[in-house]
Every structure is written in C-alpha cells, then in structure tokens.
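The values are calculated or read from the model by the stated rules, or taken from the named source; none is laboratory data. Computed from a predicted structure; not experimentally measured. Every residue, glycine as well, gets a Cβ built from its backbone with ideal geometry; the counts of neighbours run over all protein chains shown. What goes into the accessible areas is simple: the full protein's heavy atoms, side chains included, and nothing from ligands, DNA or RNA. Shrake-Rupley method; radii C 1.70, N 1.55, O 1.52, S 1.80 Å.
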Amino acid sequence: MNLQRFMPRPIRKLLSLSKHQLKYELRSNLWFICVIYALIGIGIAGIAYWIDISSQYGESAPAFFSAGYSQTSTIVSSLIAGSITLNAFTLNSILVVLTNFSGQFTPRMLVTFVADKRTQHVLGMFNLVFVFILMAFFLIDANVETYVAFPTLTIIFMFLGLATFIYFLNHAVNWMQVPNLTLNMKNESQERILATLVQDLEPYRTKEPNTSVDELPETDKMYIAADGAGFVQIIDYRRMVSYAEDHNLVVKLEKRIGDFVLEGIPVVSYWKKDKHTG
C-alpha cells in the first residue's frame, strides 16, 4: 500500500526530491525556519512553565523580577497584541515594497529576498516571540501567586522583537539598494550555480576524448519535455549522471538554470549510447 497517495501534495513533493533538491527547497522557503523557531519558543515556554508553576521558584526570587498573577496576565495579554501588530505591520510593509520593486526589475527578487539567511532568521525570531507570548498567555495559572520566568522572559522577548524589527527595516532598506541588490544576486548565482557545478560535476570530469553530441544522429534523439511552465531553478547533476551511466545514455541539457520554459518544451535530450558505439 502506497502511503504517499494519502499525503498532502507538498509533502509528496518533498519526499520525491533528492538531498540536494531538498536542501535547496528548504532554504528557499520561510516555513521551515519559522517552524524551527516556533519549536524553540515552545521549548522556552515549557522551561518557564517548569520554573514558575512546577517548581514555583517565583516565591523565593527577588521582588524586582517577580510579579503576581494579575500583573503577569496584564503584561502577557498586552504584549501579545503588540507582537501581532508588529508582525503584521512588518510583513505588510515589506511585501508592498518588494512587490513594487520586483515589478521594476525581476520577480526573482522576491525569492532571493526570502532565501536570504538574515531575512529568514529575522522572521523566525518574530515567530519565536509570538509563539512564546501566546504559550505564556495560555499556561499562566491563577492558582499560582507569584511568577518570575514568564513576566521576565515576556518583556525580554518583546524588547528583542523591537530590536529585530529595527534590524529588519535596516536590512530591507540596504538590501533593496541597487548596488547591494546586484551584489546579492551575484553572490547567489555564484553559490547556487558555480558551487553546484564544482561539487556535482567535478568528480565526473574526464580528460579522455568523448563523442560530441553534434556527431550523434538527430533521428535517434529523444526528449524529456517540461511538465509545466516556469523557470529552471536547479539541476540534480549527480542523479542525472548516475542515471545516464546506469542506462548507458548520452545526455544533453537543452535549457540552462534561469531559463524560462513553457509546458511541452524539451528540457533534456538523450541518445542510447550502445547504438553508436562498436
């Protein structure tokens, strides 16, 4: 019984990817890093729960760091609304600016900005702050008189969220400047294309003369066409070379990374090698 048939389409897509493709897919999406930070926020909330409710450390803590239930509830409920407003304002303003800016240059700017490590960690930090404060809102108990971890960490995380907000605005403004934009796109190209070529194809490089694809007959040429329209984002060279070796094929890439293809357009052509060798 094939369990993948009952899985959501995004999960099936991830399971079908190679390790190289999976790494690229995870780095190009925000949900993965946000889930990691959310789990960290839940873990910190669990530690605070153990300190305040299970161990009741607040009764022996200094008065400066401790707070009663009503004061803790007020702090948490007020700051959770501020955290939601801060996240919404940040994401809305950045998306509006990037949408307008990408229309003047290229839509790939959005993908490049999302894949930037600083952008992902900043948005992940926003997620951590929100998740922790939300967990604190539901975990505080009226039966506990004194708290120390929840109010202290809530205030610290809110200040951290404000500092992250300022850093994010500065990062976005600097990133969208044309000199920095071109430099970021250059670095991305070097990392994802040149590094990939060296890592994946260098082990298969040979000095022996091989038959040129121009010498192979067009009548025996077969194609693999694109199953949908879009840009060529990544090529799994290792898997392709391994498959060609196992099936004795000569493979030619008809499109390069960054090319736009329509549905039905040939992306890869190949020949049966045993037909043209003695």
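Among the residues of segment 128-167, those that are in contact with a strand residue (DSSP E or B) (Cβ under 9 Å, 6 or more places away or on another chain) and open to solvent by less than 60 Å² (accessible area, probe 1.4 Å) comprise ILE140, THR146, TYR147, VAL148, PHE150, PRO151, THR152. Can you pull out every residue in segment 141-171 that is in contact with an Asp or Glu (Cβ under 6 Å, 6 or more places away or on another chain) and assigned to a helix (DSSP H, G or I)? Of everything in segment 141-171, those that are in contact with an Asp or Glu (Cβ under 6 Å, 6 or more places away or on another chain) and assigned to a helix (DSSP H, G or I) turn out to be ALA149, PHE150. Screening SER18 with (1) open to solvent by 60 Å² or more (accessible area, probe 1.4 Å); (2) at pLDDT below 80 gives one miss only, at (1).
Would you confirm whether or not segment 101-119 contains a residue that is modelled with pLDDT of 80 or more and surrounded by 15 or more Cβ atoms within 10 Å (Cβ to Cβ)? Yes, some residue in segment 101-119 is modelled with pLDDT of 80 or more and surrounded by 15 or more Cβ atoms within 10 Å (Cβ to Cβ). When each of ILE51, ILE36 is tested for being of a type in the set (A, V, I, L, M), at pLDDT 85 or above and either touching a Phe, Trp or Tyr at 6+ places or on another chain (Cβ under 7 Å) or not in a helix (DSSP H, G or I) (or both), the lone residue that passes is ILE51. Is it fair to say PHE130 is of a type in the set (Phe, Trp, Tyr), closer than 29 Å to ARG27 by Cα and part of a helix (DSSP H, G or I)? Against the criterion (of a type in the set (Phe, Trp, Tyr), closer than 29 Å to ARG27 by Cα and part of a helix (DSSP H, G or I)), PHE130 qualifies.
Only residues that are among the hydrophobic types (A, V, I, L, M, F, W, C), farther than 25 Å from PRO217 by Cα and surrounded by 12 or more Cβ atoms within 10 Å (Cβ to Cβ) were counted across segment 229-260, and they come to 5.
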